[in-house]
Amino acid sequence: MTVKKKARAGPSGVYTHELEYPMRKELDLADITAGVTKAVQKSGFINGTATVFVPGATGAVTCLEYEPGVIADFKEALERAAPRAGQYEHNRYQADGNGHSHVRAGLIGPSLAIPFVDGQLTLGVWQQVTLVNFDNRGRRRRVIVQVVGA
């Protein structure tokens, strides 16, 4: 579910659009391609770049083929790279049990830059923009789409 919270255009060729997605649990993923596409179309720009950014230290955005096999493989790879049961200094200092969440978010990253041409994102056939919640609890994730173009 996408909820537009605020959108604004500036005279400098920059349009900012905010989306929000409910993430029910840890390793919840959402295909947000449609929301990003709508933000680009609402900007009125024909060509440019859309930056997709998720605020927060335990969320990330990436491009995946959004299908069950890739999603399962992605989750398994993250477990190997930063195991939930691993030892994390963050957990010692904060006692919130989500040290692995911070490491996973850092590995994937909070943003993507996607060019668009003729008002269309230049994603490959099997690429979808994917929001990931790494936190060990559900939360509503904000996504900022900032479009620069002409």
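No lab work stands behind these numbers, since they all come straight from the coordinates. On a predicted model such as this, the values are computed, not experimentally measured, just so you know. Every residue, glycine as well, gets a Cβ built from its backbone with ideal geometry; the counts of neighbours run over all protein chains shown.
Worth a mention:
- Net dipole in debye of the stretch 29-90 [+1 Lys, Arg Cβ; -1 Asp, Glu Cβ; about Cα centre; nearest 20]: 280
- Each helix, a run of at least 4 DSSP H residues, gives -39500 (n - 2.57); summed and divided by the residues of the chain, these come to -8000 deg cm²/dmol at 222 nm.
- Close amide H partners of residue 141, meaning residues 5 or more places away or on another chain with modelled amide H under 5 Å apart, are 21, 23.
- Simple point charges give the picture: +1 on the Cβ of Lys and Arg, -1 on the Cβ of Asp and Glu, and for the stretch 7-149 a dipole about the Cα centre of about 440 debye.
- Short-range pairs are left out: with C-alpha atoms under 8 Å and at least six residues apart, the relative contact order of the chain is 46 percent.
- Evaluated over the chain, the count of Lys pairs having alpha-carbon atoms less than 19 Å apart is 7 (only pairs 8 or more residues apart or interchain).
- Given (i) 1.10; (ii) 1.01; (iii) 1.20, the label whose value is Cα Rg over 2.2 N^0.38 Å derived from this model: (i)
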